[in-house]
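The values are calculated or read from the model by the stated rules, or taken from the named source; none is laboratory data. Quantities reported herein were computed from a predicted structural model and do not represent experimental measurements. Note that we place each Cβ from the backbone using ideal geometry, even for glycine, and neighbour counts take in every protein chain shown.
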Amino acid sequence: MTLDAKMVIRCAEGLNLSAAGLALMIQVGDTWITPMDYSLPVIDAFRVPMTFSDGVKRLQATARTPDEWMAMTREIHRLLQLGVLVSDDAPDLAPARETLPTAKEVKLHVDLLRDSVRTQVYLAALKEIVRPGDVVVDIGTGNGVLAMGAARAGARHVYAIEANPMGQTTRRIFEANGFADRITLIQGWSVTVNLPEKADLIVSEILSNDVFTENALQSTRDAERRLLKPGGRVIPTEARIFGRLITVPDRLRSQRTVAPGDVADWGRRYGLDFSALHDAQWHGQMQTWVSPPEVLDGGVLLSEAVEIGAVQLTHITSLAYAATAEIVCVRAGRLDGVLGHFDLDVIPGHRMTTDPLAEARANSWRNPLWFCEPMQVSAGDRLRLTLIHEHRHPLSVELKIERL
Ligand SMILES: C[S@@+](CC[C@H](N)C(=O)[O-])C[C@H]1O[C@@H](n2cnc3c(N)ncnc32)[C@H](O)[C@@H]1O
């Protein structure tokens, strides 16, 4: 998009600023936008239509530093793209009204809806916990199923927040089901979103395969602090993480770790010694996601499942997590690592599991497989498992496996 100095820019028709306490939202038609640092001075500058160059000069007079002035100029560009500002001289700058999700996005949401165990547990929990007249926030609304579940359960209004570009598709789903006036779709990361009112209930399904790495703790803690009424409720409430010792099938092990055979093979092919690479893999944590058949077909479980720790998903104070548990081998074999799963209490009494052995297993999650340097174990051997999630590295969940 090129900005011409002479093009006349003005605020969009029906532009609205909605405030509740400290929260402020920009509303254009049915689109809600979170203001950034310089949105308000920029909107103010173009309340009266003026050329781009006059608007920039006006902002320059209020900017305290050149950086601030540059940021304001960038904000003009952003607000034009979002349709908050418009230019009749350049109608092509108007935002695309009909944006579409990517194929990857569609597949994710199809898989989630096919996972009826997960979805039904959440819907049943919403039916029980939503009170007539509640304001609900759905973090990561995606296909919108939980927002609509909350509306059906009696919520007066639902704010459905989604970071990824599902575009108009989610809105069309709300319209098709008659919820257009009771559910407001807000595009953006929940941590950057303000709402015109606080919620009685926050619902989210943003748990990754290992619970932590979709930033569930951070998003929930932020929402509890900024978007929830005092004494408001949050679901899900608790996840309990389990592990089983396992001999991984050879095919999977050779795909996901560096085996001594690889080093020998590279030696033959390239005439070079890469054994340091083989050794290096055990310095950090080798971890992968697996589907149950991938790991159970040909794998051998060397222990029962042991609970490593429970993670509170409400009243979150710390973003870091650590838990330790002892585990006993029930059969001898080569220990390659730990196969994890979690049980989730959406609310007490409405539980689901990602246990690969459970008959009623939800199917959209995979299981974390934490590798260790292979070791021979015997029945009765005891080991210590230490799970560490460091919030400074949101993508890391480490599981230390030590012989006692
Ligand atoms: C597993 S999907 C759940 C979709 C839908 N709520 C359901 O239950 O079928 C999680 C969605 O949350 C979104 N998401 C994750 N964290 C978010 C956040 N902090 N703010 C907004 N969207 C978020 C992701 O982009 C993804 O679309």
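When you check Ile43 against the structure, is it touching a Leu at 6+ places or on another chain (Cβ under 8 Å), assigned to a strand (DSSP E or B) and modelled with pLDDT of 75 or more, yes or no?
Criteria not met by Ile43.
Output the residues belonging to segment 292-313 that are buried (at least 16 other Cβ atoms within 10 Å of the Cβ) and assigned to a loop (DSSP other than H, G, I, E, B).
Across segment 292-313, the qualifying residues are Gly299, Leu302, Ser303, Ala305, Leu313.
Taking the options Thr213, Thr220, name whichever one is within 16 Å of the ligand (Cβ to nearest atom), among the hydroxyl-bearing types (Ser, Thr, Tyr) and surrounded by fewer than 19 Cβ atoms within 10 Å (Cβ to Cβ). Working first, answer last.
Values: Thr220 fails: surrounded by fewer than 19 Cβ atoms within 10 Å (Cβ to Cβ).
None of the others qualify; the one that does is Thr213.
Considering each residue of segment 184-210, count those that are more than 8 Å from the ligand (Cβ to nearest atom) and within 25 Å of Trp289 (Cα to Cα), and give that number.
So the count comes out to 3.
Yes/no per residue for (1) crowded, with 22+ Cβ neighbours inside 10 Å; (2) touching a strand residue (DSSP E or B) at 6+ places or on another chain (Cβ under 9 Å); (3) not assigned by TED's automatic domain parsing to the domain that holds Pro196:
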residue	(1), (2), (3)
Gly55	yes, yes, yes
Gln60	no, no, yes
Leu79	yes, yes, yes
Leu108	no, no, no
Thr119	no, no, no
Leu126	yes, yes, no
Gly133	no, yes, no
Arg156	no, yes, no
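How many of the residues in segment 158-197 are buried (at least 18 other Cβ atoms within 10 Å of the Cβ), assigned to a loop (DSSP other than H, G, I, E, B) and touching a Pro at 6+ places or on another chain (Cβ under 9 Å)?
So the count comes out to 3.
Among (1) in a loop (DSSP other than H, G, I, E, B); (2) under 14 Å from the mean Cα position of the chain (by Cα), there is one condition Ala223 misses while meeting the rest; what is its number?
The failed condition is (1).
For segment 266-294, what are the residues that are acidic (Asp, Glu) and without any contact (Cβ under 8 Å) to a residue 24 or more places away in the chain? Outline the logic, then answer.
Residues of segment 266-294 that are acidic (Asp, Glu), as a first pass: 273, 279, 294.
Matches in segment 266-294: Asp273, Asp279.
In segment 223-245, what residues are over 26 Å from Asn194 (Cβ atoms) and within 16 Å of the ligand (Cβ to nearest atom)? Outline the logic, then answer.
So the first thing to find is which residues in segment 223-245 are over 26 Å from Asn194 (Cβ atoms), and the list is 238-245.
Ala239 - this is the single residue of segment 223-245 that is over 26 Å from Asn194 (Cβ atoms) and within 16 Å of the ligand (Cβ to nearest atom).
Among the residues of segment 122-137, is there at least one that is away from the ligand (no atom under 11 Å from the Cβ), touching a residue at least 12 places away in the same chain (Cβ under 8 Å), under 30 Å from Ala12 (Cβ atoms) and not charged (D, E, K, R)?
Within segment 122-137, the first condition is being away from the ligand (no atom under 11 Å from the Cβ), and the residues that meet it are 124-125, 127-136.
Then keep just the ones that are touching a residue at least 12 places away in the same chain (Cβ under 8 Å); that gives 124-125, 127-136.
Imposing the further condition that a residue be under 30 Å from Ala12 (Cβ atoms) reduces the set to 135-136.
So of that shortlist, the ones also not charged (D, E, K, R) come out as 135-136.
For segment 122-137, residues away from the ligand (no atom under 11 Å from the Cβ), touching a residue at least 12 places away in the same chain (Cβ under 8 Å), under 30 Å from Ala12 (Cβ atoms) and not charged (D, E, K, R): present.
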